[in-house]
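Everything below concerns the one structure shown next.
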Amino acid sequence: MDPREFRNTLGHFATGVTVITTTTDEGEQIGLTANAFSSVSLDPPLVLVCIDKKSGSLKTLKKGIPFAINILQKEQEEDCWRFAKRTEDKFAGASYTLSTDNVPLLNGNLATIECDVAEVIEGGDHYIVTGHVKSATYDDQAEPLLFFRGKIEQVMQAELA
């Protein structure tokens, strides 16, 4: 399978956009944009996110470590790109609060899911990080930020009806 054609094919599946956040043992705040996210189980509540093996942030996500999945809404495109870049301080200019576990939670999310790492599983050129969900909140008035065919799309509420 040609990798480029495979990637182009997968790009035809619209996904939500998330920013995964955590804090290192040394107190450094970590954030990265990811669109490979899914629910796994309702009982127990489990989710998963796939993270490229080349990501420097991956070393922080070990079993038991708290992290958050910030599901972005259409007004958060700037956050999508801020956390997709390789920069020294991705949180500079970002609006966030800290959870009781000291994990940065972006303000204004479509939904926020707080987890502890359950497992990290190797999956090709990515790691699959499963999270045991501790809490979840959402804004049922906001609209999603979507990734489709290699670019950000914004779907208006009328199109969802």
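The values are calculated or read from the model by the stated rules, or taken from the named source; none is laboratory data. Keep in mind that what you see is a predicted model, and the values were worked out from it rather than measured. Cβ sites come from the backbone with ideal geometry, for glycine too, and all protein chains shown count toward neighbours. Accessible surface areas use protein heavy atoms only, side chains included; no ligands, DNA or RNA. Shrake-Rupley method; radii C 1.70, N 1.55, O 1.52, S 1.80 Å.
General observations
- Checking each residue in region 45-98 for being among the charged types (D, E, K, R), more than 23 Å from Ile128 (Cα to Cα) and surrounded by fewer than 17 Cβ atoms within 10 Å (Cβ to Cβ) picks out Glu75, Glu77, Glu78, Glu88, Asp89.
- Residue match in region 113-126 (condition: of a type outside the set (Asp, Glu), touching a residue at least 40 places away in the same chain (Cβ under 8 Å) and under 24 Å from Glu143 (Cα atoms)): yes
- If the condition is being part of a strand (DSSP E or B) and modelled with pLDDT of 90 or more, then region 52-87 contributes Pro66, Phe67, Ala68, Ile69, Asn70, Ile71, Gln73.
- Residues in region 99-110 that are open to solvent by 30 Å² or more (accessible area, probe 1.4 Å) and touching a residue at least 24 places away in the same chain (Cβ under 8 Å) were compared, and the one that is nearest to Thr137 (Cα to Cα) is Leu110.
- If the condition is being under 22 Å from Glu75 (Cα atoms) and open to solvent by 20 Å² or more (accessible area, probe 1.4 Å), then region 12-24 contributes Phe13, Ala14, Thr15, Gly16.
- Each residue in region 111-142 was checked for being surrounded by 17 or more Cβ atoms within 10 Å (Cβ to Cβ) and acidic (Asp, Glu), and 1 of them qualify.
- Residues satisfying the stated conditions in region 10-51, i.e. part of a strand (DSSP E or B) and free of Cβ contacts under 8 Å to residues at least 12 places away in the same chain: Ser38, Ser39, Ser41, Leu42
- Residue match in region 12-20 (condition: over 12 Å from the mean Cα position of the chain (by Cα) and closer than 17 Å to Ala136 by Cβ): no
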